[in-house]
Amino acid sequence: MDFRQLRYALSVSKERSFTRAAKRLNISQSAVSEQVRLLEEEIGFDLFTRTPRGIEATDRGRTFLYESERVVGDLLSLSDTARRLRGAKLDTLTIAMGSGMAQLFIPRLFQDLHKKLPDVQLNIQTTPTRAIFTELHEERIDAGLAIESDPERLPSGLVFDRLADAEMALIVPVKHALARSKQPVDIGRLIAEPFIMSELSVGYGPVVMSLFTDLGMKPNIRAVVDNIETIKIIVQSGGGLAVVPRPCVANEVALGQLKAMAIAPARNVAFSFYRRRQPMSRRKESALQTVLEMLKQS
């Protein structure tokens, strides 16, 4: 039994497929199958069984794989220890977030970072929600901040913690006629307005679509954009209107660049912290937990 065999078996369990596990590990399917077979021969029982829904762990396999995750985490902790003994000073956490979240979460994250995580270097990436889920699943990032999505749309093996709820608001150019309204804007009034939409399958895009479809209407979509910064620029330039999480436009509203208005019916979304269920080294787990606690501060 070796580390490689455990990694391969855990990947098969996570993907529920030998083919997808091989792709994720960047090796051949035959190599994955062979190493899992050798592991099963050594432990004396099958780890997986085939079902109409794909590969599933057996009862004994689930117990074994649960303990395997702990062992893999311990081995990764040994790797961290070796790095420190070699003189490496910093651990690295790679965190991705949607483009509109920086103004809400970056101040929380960096306010006391040097005190709470003095030996950690953060790599911050800005990327669309869809890409966050993919890169987490493929282990290219350690955590991601994204709009909470339908669990059915998430890759297997991801878990999340809710950070905050946010009101959805209509954003319009400051000289738009709707900017003078003192009451929440009825979504039904916006059917003829050109709309700038976020990704339609994940994040808050489906929430915005549901505002219209719940009323039996279809929005007049001018453009679909994968980041909120571009959406804000299009709206500022008079290219259309958009419904976005209010905290993501707080700076532009304060500077008088955009007007944010309540909508009827009201709708909220949740910002969440996503990570893989499979544990990392103890040092990284501790650092990731500290990051989560900092992000939850209001």
Filtered residues of region 143-157 (kept if within 25 Å of Gly240 (Cβ to Cβ) and either touching a Leu at 6+ places or on another chain (Cβ under 9 Å) or assigned to a strand (DSSP E or B) (or both)): Ala146, Ile147
Enumeration of residues in region 223-266 that are among the charged types (D, E, K, R), over 18 Å from Lys182 (Cα atoms) and out of contact with any Pro (no Cβ under 7 Å at 6 or more places or on another chain): Glu229, Lys232, Glu252
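For (1) part of a loop (DSSP other than H, G, I, E, B); (2) aliphatic (A, V, I, L, M), each residue gets a yes or a no:
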site	(1), (2)
Thr94	no, no
Leu109	no, yes
Asn123	no, no
Phe133	no, no
Ile141	yes, yes
Val159	no, yes
Ala169	no, yes
Test for Val202: is it touching a Lys or Arg at 6+ places or on another chain (Cβ under 9 Å) and surrounded by fewer than 18 Cβ atoms within 10 Å (Cβ to Cβ): no
Matching residues in region 38-54 - criterion: being part of a helix (DSSP H, G or I) and exposed (fewer than 13 other Cβ atoms within 10 Å of the Cβ): Glu41, Glu42
Residues within region 184-227 that are part of a strand (DSSP E or B) and farther than 17 Å from Met261 by Cβ, tallied: 6
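A short reminder: the numbers here are calculations on the coordinates, not readings from a lab. Computed from a prediction, not measured in an experiment: that's the story for all the values here. Positions of Cβ are generated from backbone atoms using ideal geometry, with glycine treated the same way; all protein chains shown enter the neighbour counts.
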